[in-house]
1. It is to be established whether one or more residues within the stretch 1-16 are in a helix (DSSP H, G or I), closer than 15 Å to ALA108 by Cβ and under 16 Å from the mean Cα position of the chain (by Cα).
2. Within the stretch 53-82, take every residue that is within 12 Å of the chain's Cα centre (by Cα) and hydrophobic (A, V, I, L, M, F, W, C) and give me the one that is farthest from ASN36 (Cα to Cα).
3. What are the residues in the stretch 24-47 that are at pLDDT 95 or above and more than 20 Å from TYR98 (Cβ to Cβ), if any?
4. Before we move on, is LYS99 assigned to a loop (DSSP other than H, G, I, E, B) and either loosely packed, with under 14 Cβ neighbours inside 10 Å or free of Cβ contacts under 8 Å to residues at least 60 places away in the same chain (or both)?
5. May I ask you to list the residues in the stretch 46-58 that are part of a loop (DSSP other than H, G, I, E, B) and either among the hydrophobic types (A, V, I, L, M, F, W, C) or in contact with a strand residue (DSSP E or B) (Cβ under 9 Å, 6 or more places away or on another chain) (or both)?
6. Which ones in the stretch 59-96 are β-branched (Val, Ile, Thr), touching a residue at least 24 places away in the same chain (Cβ under 8 Å) and in a helix (DSSP H, G or I)?
7. Return yes or no: is LYS35 basic (Lys, Arg), out of contact with any strand residue (DSSP E or B) (no Cβ under 7 Å at 6 or more places or on another chain) and over 28 Å from ARG8 (Cα atoms)?
Amino acid sequence: MKLDTTKRKRYRVSNKVKKVASRDRFRLSISRSSKNIFAQIIDDNNNTTLISASSIEKDIKSASKVNKTELSKIVAEKLAKKAQEKKITKIFFDRGIYKYHGRIKIFAETLRKNGMDF
């Protein structure tokens, strides 16, 4: 079966993360569209999503008009707060098909400032 370029990139990055994954860390998967950003913390051992946050949630959406980079910071802060409530501090960052640049980089740096370790 032949895969297109985006699926190859996604599998390549995700499989590298899963190979080095240990039992005490979860995977943070991130995706974005032209206007929104989505993130979820996944337990690969049980195949379950533990925590998720996105820019289309009502409390974030109802905020005043902000640009996309500020939106990434807000979503990252919300995800970090939810993770701290569940006592999750160590994760692996699965950037998917996206380069570690722009909104993805800002998202990761904001998570680090809020106590996440990856």
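1. Initial filter on the stretch 1-16 (in a helix (DSSP H, G or I)): 5-16.
Next cut, closer than 15 Å to ALA108 by Cβ only: 13.
Narrowing the set further to residues that are under 16 Å from the mean Cα position of the chain (by Cα) leaves 13.
Checked the stretch 1-16: at least one residue is in a helix (DSSP H, G or I), closer than 15 Å to ALA108 by Cβ and under 16 Å from the mean Cα position of the chain (by Cα).
2. ALA80
3. none
4. yes
5. At the first step, the residues of the stretch 46-58 found to be part of a loop (DSSP other than H, G, I, E, B) are 46-47, 55-57.
Within the stretch 46-58, SER55, ILE56 meet the criteria.
6. THR69, VAL75
7. Details: basic (Lys, Arg): yes; out of contact with any strand residue (DSSP E or B) (no Cβ under 7 Å at 6 or more places or on another chain): yes; over 28 Å from ARG8 (Cα atoms): no.
Taking the combined requirement at face value, the residue does not satisfy it.
The values are calculated or read from the model by the stated rules, or taken from the named source; none is laboratory data. Everything numeric here is computed off the predicted structure, so don't read it as measured data. No Cβ is skipped: glycine too gets one built from the backbone with ideal geometry, and neighbour counts run over all protein chains shown.
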